[in-house]
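Notes follow once the structure below has been shown.
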Amino acid sequence: MGKSRNLRRRPDADDAVVEPVDGGLAELIRDRDRARAWTLLIDGAPQSHVDLDDPGYLSFEYQRRLGHVIDLAAPPGRPLHAVHLGGGALTLARYVAATRPRSTQQVVERDAALVQLVRRELPLAANTRIRVRSADAREGLAKVPDGWADLVIADVFSGARTPAHLTSTEFLDEVRRALKPGGLYAANLADGPPLAHLRGQIATAAARFGELALVADPTVLRGKRFGNAVLVASDLPLPVAELTRRAASDPHPGRVEHGRALTDFAGGAVAVTDAAAVASPAPPPSVFR
């Protein structure tokens, strides 16, 4: 049973499950507005939201934007081979399974205790072709066959920071190896003023992919607050117009930068290598208040 023996429920047992996992204290909080929906928090930081009755519903802003990328990765309904680096509550893997039946997916999540918790409390629907591997993201990616994936999504945080070894050109070399020609890479990045990490990640992706786009809240792009940005990369032209339309129609509208505007935004930043890589900055405490 391991850490599951330490599971405890809050006074109203239907409201929350609280359990230590490898990465800290996990909480599953019931969404009072949706009958079988839950939010996952680790050490108080929101990680994922899942609606078991409607896995096509994406509540979190950054997950909605990654959902747009999934929607635009291939014609509607066509199955994908998808790799998810970082599992959380398996929100995006469930989304792919719901919107693109018969997709085959690999999820790499280092926190084995978290995987056990999610599988037990938020079980996957039957017949979903989702394989979850408990491993470091880069080590798990190395086991993906060459040219297997239509889509690789990186959403990995440890202590609310992206680990350094997932920010480099060498890491992106592994992503490219696993992708089919013309496949898509999408990464959830977090940064705040002065946006040095975000600019460095744009430069790093530009060193390995021919086409880039960035989706974020305009206030984040202006360096006014800490927040998430979704970076999309491929060797083929990206569906920028449709991505722009979808991001603009979100409940919290996002802006898409690409081409020369994105190059200018990067501001001369240089690509990050393993030798120079550092973790993304920690969010200020006010972000989760």
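The values are calculated or read from the model by the stated rules, or taken from the named source; none is laboratory data. Values in this document were obtained by computation on a predicted structure and should not be read as measured data. Every residue, glycine as well, gets a Cβ built from its backbone with ideal geometry; the counts of neighbours run over all protein chains shown. Side chains included, ligands, DNA and RNA excluded: accessible areas come from the protein's heavy atoms. Shrake-Rupley method; radii C 1.70, N 1.55, O 1.52, S 1.80 Å.
Checking the structure you have, find out if any residue of the stretch 155-173 is in a strand (DSSP E or B), under 24 Å from VAL108 (Cα atoms) and either open to solvent by less than 10 Å² (accessible area, probe 1.4 Å) or acidic (Asp, Glu) (or both). Checked the stretch 155-173: no residue is in a strand (DSSP E or B), under 24 Å from VAL108 (Cα atoms) and either open to solvent by less than 10 Å² (accessible area, probe 1.4 Å) or acidic (Asp, Glu) (or both). For ARG110, the requirement of being at pLDDT 95 or above and not in a strand (DSSP E or B) is met.
Here LYS180 fulfils each of the conditions (1) part of a strand (DSSP E or B); (2) open to solvent by less than 10 Å² (accessible area, probe 1.4 Å) apart from (2). Residue count for the stretch 195-226, restricted to those that are touching a Gly at 6+ places or on another chain (Cβ under 9 Å), of a type in the set (Gly, Ala, Ser) and open to solvent by 10 Å² or more (accessible area, probe 1.4 Å): 2. With respect to the stated conditions, GLY192 fails to be exposed (fewer than 13 other Cβ atoms within 10 Å of the Cβ), over 21 Å from ARG138 (Cβ atoms), modelled with pLDDT of 95 or more and touching a helix residue (DSSP H, G or I) at 6+ places or on another chain (Cβ under 9 Å).
Scanning the stretch 245-259 for residues that are of a type outside the set (Gly, Ala, Ser), in contact with a strand residue (DSSP E or B) (Cβ under 6 Å, 6 or more places away or on another chain) and under 16 Å from GLU61 (Cβ atoms) yields a single hit, VAL256.
Note on the stretch 255-289: residues that are part of a helix (DSSP H, G or I), within 28 Å of ASP235 (Cβ to Cβ) and open to solvent by less than 70 Å² (accessible area, probe 1.4 Å) total 5.
I'd like the full set of residues that are open to solvent by 30 Å² or more (accessible area, probe 1.4 Å), more than 17 Å from the chain's Cα centre (by Cα) and more than 17 Å from VAL152 (Cα to Cα), limited to the stretch 227-254. Those that are open to solvent by 30 Å² or more (accessible area, probe 1.4 Å), more than 17 Å from the chain's Cα centre (by Cα) and more than 17 Å from VAL152 (Cα to Cα): ALA241, GLU242, THR244, ARG245, ARG246, ALA248, SER249, PRO251, HIS252, PRO253.
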